[in-house]
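Working notes for the structure below.
Computed from the coordinates by the stated procedures, all read-outs in this text should not be read as laboratory data. None of these values were measured; they are calculated from a predicted model. Neighbour counts run over all protein chains shown; Cβ positions are idealised from the backbone, glycine included.
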Amino acid sequence: MSPKLKEWEASGQYINYGPFNHKVFVKQLGNPNASPKKTLLLIHGFPESSYSFHAITQGMRQTFDRIILFDMLGYGLSDKPTENYTYSLFEQADTAFQAWKHFNIKGGHILAHDMGDSVTTEILARHQNNLIPAWFSEGIQSITFTNGSMVLELASLRFMQKVLLSKYGYLFKSITNYFIFSQQVRSAHGNPNLNEEEIQILWEANTLQRGHRKMYLTIRYLNDRKRFEKTRWLPALSQTKLPIHICWGDDDAVAKVEMAHYLKDNICPNATLTIMEGLGHFCQLASPTKWVKYITPFYQSL
C-alpha cells in the first residue's frame, strides 16, 4: 500500500461482521465519550472507501467532537468476498450498524455520499418503521445527503457502470485497469479539479483483494435502487420529521444537480437545500475546504 493508505489503516482497526466473519475496517476520531449531538457518522460511496473523507475530517472536527468511519464490505480495506455476501443495500446498512455498535454509538448525525446516500435511505426507512436497534437509543440526529443517485431515473450513469450492471458484466471484470478507471472517475466528477494522486489512491484501494475484479458485484446496489426506491426509500424520505440536508456539487456529471432540486421540490420540501457551486461528484476529495464550508452551516442551524 502507499504510505497515505498505510497511515489511514494504522489509525483504524478491523472488526468481524456476520456469521462468516468478514473483516470490516472501522475508524474513530476524536473524543470516544462525545454525545450523539456531537458525533458524526460518515458513509462513503462507490467506488470509494472511508479514505475519501480523509481531507475533510480535520475541518469537520471544528463542528463535531467524534467522527466514525468504516469501509463497507467490497470497498477499501475491508474484505471483498465473492461468496456469502450479496452487496445489497440492506446488508450494507447492517454493516453500518455493526460498525457503530462496535464503538458503542448511541446516535449521531449521518453524512453520506454517493452509494452511501442509498445505504442511508435504507437506515432512514428502518427509522420510519421503528426498526432501529434498541442500543441506538439516541437515534439519528440529522441526515445530510451529498451527490448520490437517489432518483435513479435522473442519473446519468457512466458507460462502465452500465456495462457492469448488465447480465454480461462479469465478463468485463478482467479488462478493468487504471486507465479505464481513471477516465470513468474523471468523467463522473464533471470538472478538472480532481487531482491524479487522489484517483490513484482510489484505484489502489479498489485493487486490494482484487476488488477491481469484483466491481460487477458491488455495483449491484443500483438494482436495489430500481426495486425499492419508489416503494420504500423515497417514501421514507418524504415522511420523515428528521432534519434533512441535501447538499450537492453542481458540476456532478452522474448525480446531476437537477436531482437535488427534484428531491427538494417533490420528495422532501422541508429539507435544507445547499448547492455547492463549482464542485463535482467527488467534491470532498477535489475541493475539501470548500466542501466543509458548504456542509457546516446546516449543523450550526440545528
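Give the value in nm², to one decimal: projected area of the alpha carbon convex hull of segment 189-302, averaged over all directions.
Working: hull surface 34.1 nm².
For the Cα atoms of segment 189-302, the hull's average projected area reads 8.5 nm².
Relative contact order for segment 64-188: what percent, with Cα pairs under 8 Å and sequence separation of 6 or more?
Computed value for segment 64-188: 21 percent relative contact order.
Could you list Arg232, Arg227 in order of exposure, starting from the residue whose Cβ has the fewest other Cβ atoms within 10 Å?
In order of increasing Cβ crowding within 10 Å: Arg227, Arg232.
Using the Cα centre of the chain as origin and beta-carbon charges of +1 (Lys, Arg) and -1 (Asp, Glu), tell me which of Ile140, Phe298, Gly18 is placed farthest towards the positive end of the dipole.
Towards the positive end, the residue furthest out is Gly18.
Please give the peptides 27-35, 116-124 ranked by average Cβ packing (other Cβ atoms within 10 Å per residue), highest first, as a rough proxy for protection.
My ranking of the peptides, most packed first, is 116-124, 27-35.
Which of the peptides 68-74, 16-22 is most tightly packed, and how do the rest follow, going by the mean number of other Cβ atoms within 10 Å of each residue?
Working: 68-74: 27.4, 16-22: 14.1.
By packing density, highest mean first, the sequence is 68-74, 16-22.
Tell me, what ³J(HN,Hα) does each residue in segment 268-278 have, in order and in whole Hz, if you take phi through Karplus 6.51 cos²θ - 1.76 cosθ + 1.60 with θ = phi - 60° and put x for Gly and Pro?
Couplings: 9, x, 7, 5, 8, 10, 10, 9, 8, 5, x Hz.
For the chain, what relative contact order do you get, as a whole percent, if you take Cα pairs closer than 8 Å and at least 6 residues apart?
Once normalised by length, the contact order is 20 percent.
Across bins of 20 angstrom width beginning at 0, how are the C-alpha pair distances of the chain distributed, in whole percent?
P(r) over the chain, rounded to whole percents: 36, 61, 2.
Calculated from DSSP H runs of 4 or more alone, at -39500 (n - 2.57) each and per residue, what is the 222 nm mean residue ellipticity of the chain, nearest 500? Can you show the working numbers first?
Values: 13 runs with 113 residues, N = 302.
Computed mean residue ellipticity for the chain: -10500 deg cm²/dmol.
List the lysines whose Cα sits under 21 Å from the Cα of Lys38, skipping any in the same chain fewer than 8 residues away.
Lys27, Lys101, Lys106, Lys241, Lys293
Quick one: net charge around Arg225, please, counting Lys, Arg +1 and Asp, Glu -1 for every other residue with C-beta under 11 Å from its C-beta. Please list the in-between numbers first.
Values: positive: Arg220, Lys226, Arg227, Lys230, Arg232; negative: Asp117, Glu122, Glu153, Asp224, Glu229.
Neighbourhood net charge equals 0.
Would you work out the charge dipole size for the chain about its Cα centre, treating the Cβ of every Lys and Arg as +1 and the Cβ of every Asp and Glu as -1, and quote it to the nearest 20 debye?
480
How far is the Cα center of segment 8-70 from the Cα center of segment 103-158, in Å?
15
Which of the peptides 191-204, 248-261, 208-221 is most tightly packed, and how do the rest follow, judged by the mean count of other Cβ atoms within 10 Å per residue?
On the way: 191-204: 16.3, 248-261: 22.0, 208-221: 19.0.
Per-residue Cβ counts within 10 Å, averaged per peptide and sorted highest first, yield 248-261, 208-221, 191-204.
Name the residues whose placed amide hydrogens come within less than 5 Å of the amide hydrogen of Thr144, ignoring near sequence neighbours (fewer than 5 apart) on the same chain.
Excluding prolines and chain starts, which carry no amide H, the hits are Ile110, Leu111, Ala112, His245.
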